[in-house]
Amino acid sequence: MQWLLLLLCPIMMIFMMKGMHSVAKSDNDDPMMKKELENLKAQNEILSSELSDLKSKLK
């Protein structure tokens, strides 16, 4: 019976990793998520350039 308890942890880990892999795979296919990511990247570029401009003005 003790060996069953020792095997329970690795077996559960395998199932949990498979479940996480399938969830991550389905999240990447969401077009709304891709659009939001593109918008956030664009905002990040704008803010980075504004920050660079402000830093250069302070010097």
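The values are calculated or read from the model by the stated rules, or taken from the named source; none is laboratory data. What you see is a predicted model, and the numbers here were worked out from it, not measured in a lab. FYI the Cβ positions are ideal-geometry reconstructions off the backbone, even for glycines, and counts take in every protein chain you see.
Would you confirm, using the coordinates I've provided, whether Met16 is at pLDDT below 90 and in contact with an Asp or Glu (Cβ under 8 Å, 6 or more places away or on another chain)?
No: the conditions fail for Met16.
Select, from Leu4, Leu40, Leu51, the only residue that is part of a helix (DSSP H, G or I) and modelled with pLDDT under 80.
Leu4
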